[in-house]
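Step one of this worksheet: look at the structure below.
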Amino acid sequence: MVADTEPPVDYPIDGTLDLHMFAPEDTREVVKEYIAACLRKNILRVRIVHGKGIGVKRRIVHKLLGDHPNVVRHRHEGGFGGGWGATVVDLKP
């Protein structure tokens, strides 16, 4: 096992999660933790930027959201906000 040499980074909990800086294998855990943090702050609408690319992160995100007990609905963001490169999530407390 390799020791993690990078110190943890404080990520702002403001309702927008940009996954560009995270590896695909970390996506599921990052999104789960971000949703939990938003719920603790009573943020009930979340924007997840997964990018357009070939859709790896998008599929991971949508699978997790489809199974998450606090997700009311999720949809691709329309208009100029990212289109199919971002997903908007409505949460229930």
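The values are calculated or read from the model by the stated rules, or taken from the named source; none is laboratory data. Not measured: the values here are computed from a predicted model. Because the Cβ atoms are built from the backbone with ideal geometry, glycine has one as well, and the counts that use them run over all protein chains shown.
Restricting to the stretch 56-73, count the residues that are over 15 Å from C38 (Cα atoms), over 11 Å from the mean Cα position of the chain (by Cα) and not basic (K, R). Final tally of qualifying residues: 3. Consider the stretch 43-64 and keep the residues that are part of a strand (DSSP E or B) and of a type in the set (A, V, I, L, M). The one that is surrounded by the most Cβ atoms within 10 Å (Cβ to Cβ) is I48. For the stretch 11-42, residues that are in a loop (DSSP other than H, G, I, E, B) and in contact with a helix residue (DSSP H, G or I) (Cβ under 7 Å, 6 or more places away or on another chain) total 3. Look at the stretch 74-93: where a residue is modelled with pLDDT under 95 and a partner is aromatic (F, W, Y) and in a helix (DSSP H, G or I), sitting 6+ places away or on another chain with Cβ atoms under 7 Å, you get H76/W84.
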